[in-house]
1. Go through segment 296-313 and report how many residues are farther than 15 Å from residue 141 by Cα, part of a helix (DSSP H, G or I) and in contact (Cβ under 8 Å) with a residue 24 or more places away in the chain.
2. Considering every residue within segment 185-201, establish whether at least one is at pLDDT 95 or above and closer than 25 Å to residue 44 by Cα.
3. List the number of the failed condition for residue 179; all other conditions in (1) touching a helix residue (DSSP H, G or I) at 6+ places or on another chain (Cβ under 9 Å); (2) outside any strand (DSSP E or B); (3) at pLDDT 95 or above hold.
4. Just the residues that are modelled with pLDDT under 90 and surrounded by 11 or more Cβ atoms within 10 Å (Cβ to Cβ), please, taken from segment 29-42.
5. If you go through segment 258-267 one residue at a time, do you hit one that is crowded, with 17+ Cβ neighbours inside 10 Å, over 15 Å from residue 120 (Cβ atoms) and out of contact with any helix residue (DSSP H, G or I) (no Cβ under 6 Å at 6 or more places or on another chain)?
6. So residue 373 ticks every box in (1) surrounded by fewer than 22 Cβ atoms within 10 Å (Cβ to Cβ); (2) under 25 Å from residue 194 (Cα atoms) but one. Which box is left unticked?
7. Of (1) crowded, with 19+ Cβ neighbours inside 10 Å; (2) within 19 Å of the chain's Cα centre (by Cα), residue 279 satisfies all except one. Which?
8. Please state which of the following conditions residue 373 fails to meet, knowing it meets all the rest: (1) assigned to a loop (DSSP other than H, G, I, E, B); (2) touching a helix residue (DSSP H, G or I) at 6+ places or on another chain (Cβ under 6 Å).
């Protein structure tokens, strides 16, 4: 009703506007409905968000000297050379046969040992609580399918990594319900886009008023795109909030990207106890920490065996090749190389690249959120907009894209305020320099 709309928090109204603009963008470029497809098939075919459009542009215009391109995609400053070792490339005949749809036992054991060590778990994690699928997107999709019914919703603070919308919706018809975070200095603690339990409470109350059934909450730590690292006390408060009989899906895919020695990331798995172990599920993968997005391996750790059994039924649709599982298990077991060679060098290079980008942003008087982890910076381009609107933000994004500079604009992350962009810095300095120079020209 008109009365309900007038009572919406300003940030909620702004987020609604952002979603409307994004829907217009998708609709304008959607293909005509096909007579060969069902309504659901046509809906899937017509999905085309800003992140997907940027990915398509990147794929068609990959960087080389004659065709400069700065990507918003995950890139690496350190290639895990261990993957070329002879034992990594070994092919045992058993690896070519059907395996356990949760993942081969040897890989689940390697993942449990790896997470026990690098997440600083106070107890040994169990291989029986590990599920392996072809990427974290597959895990999001399958988890949504087995803990939600169609039209149910999952609560998520916004901004957030926009592809999660498709992850939970395309197969399962599950929606994301946003808990908008503020971009202004009006927050009581002065931290921009800062998540608090009160903001989650407000979103849950709004969902109740709108008749939306919330079945879970997704928390990303370190955050994408904000790069914020939540403290153990903050995560505990969020998990206590979720204890009201909703699941907590914790995405820790950037956990090893902390490049500031004075900052420590605390995994949920490091906590002595969880408020609701049966409804707390932790995701991790190799795409960011090891720059191995093409290997398509995501892992889930959960003590809920009902969930494990349900996910196993879907495993045949989302399995990982036996040879890839062997390769990853060998990699994760080489703890000495990971700890003494790969991680220190990767962190050193990330820190140097972050310093270069932020120094350049400061020179251009572009504000950004200070960060100590991940591969990107959340930067404020609002002063460059001709008017404070998502249409103007989209125009700026297209101008960047025209010059082969792929920055992801805020509405791709359902940001409530137009003018914020995510800039990936995990690349060679000459590539960053070129991309920044092209951006300035525009």
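1. From segment 296-313, those farther than 15 Å from residue 141 by Cα are 301-306, 309; that's our starting set.
Right, trim to part of a helix (DSSP H, G or I) and you get 305-306, 309.
The next check asks that each one be in contact (Cβ under 8 Å) with a residue 24 or more places away in the chain; those that pass are 305.
So the count comes out to 1.
2. Of segment 185-201, the ones at pLDDT 95 or above are 193, 195-201.
Checking the rest, the ones that are also closer than 25 Å to residue 44 by Cα come to none.
For segment 185-201, residues at pLDDT 95 or above and closer than 25 Å to residue 44 by Cα: absent.
3. Of (1) touching a helix residue (DSSP H, G or I) at 6+ places or on another chain (Cβ under 9 Å); (2) outside any strand (DSSP E or B); (3) at pLDDT 95 or above, only one is false for residue 179: (2).
4. Here is the first cut: in segment 29-42, the ones modelled with pLDDT under 90 are 29-31.
30 - this is the single residue of segment 29-42 that is modelled with pLDDT under 90 and surrounded by 11 or more Cβ atoms within 10 Å (Cβ to Cβ).
5. Here is the first cut: in segment 258-267, the ones crowded, with 17+ Cβ neighbours inside 10 Å are 258-259, 265-267.
After this cut, where a residue has to be over 15 Å from residue 120 (Cβ atoms) as well, the list is 259.
Subsequent filtering for residues that are out of contact with any helix residue (DSSP H, G or I) (no Cβ under 6 Å at 6 or more places or on another chain) retains none.
Taking every residue of segment 258-267 in turn, none turns out to be crowded, with 17+ Cβ neighbours inside 10 Å, over 15 Å from residue 120 (Cβ atoms) and out of contact with any helix residue (DSSP H, G or I) (no Cβ under 6 Å at 6 or more places or on another chain).
6. Of everything listed in (1) surrounded by fewer than 22 Cβ atoms within 10 Å (Cβ to Cβ); (2) under 25 Å from residue 194 (Cα atoms), residue 373 misses just condition (1).
7. If we test residue 279 against (1) crowded, with 19+ Cβ neighbours inside 10 Å; (2) within 19 Å of the chain's Cα centre (by Cα), just (2) comes out false.
8. Going through (1) assigned to a loop (DSSP other than H, G, I, E, B); (2) touching a helix residue (DSSP H, G or I) at 6+ places or on another chain (Cβ under 6 Å) one by one, residue 373 breaks only (2).
The values are calculated or read from the model by the stated rules, or taken from the named source; none is laboratory data. Quantities reported herein were computed from a predicted structural model and do not represent experimental measurements. So basically every Cβ, Gly included, is an ideal-geometry build from the backbone, and we count neighbours across all protein chains shown.
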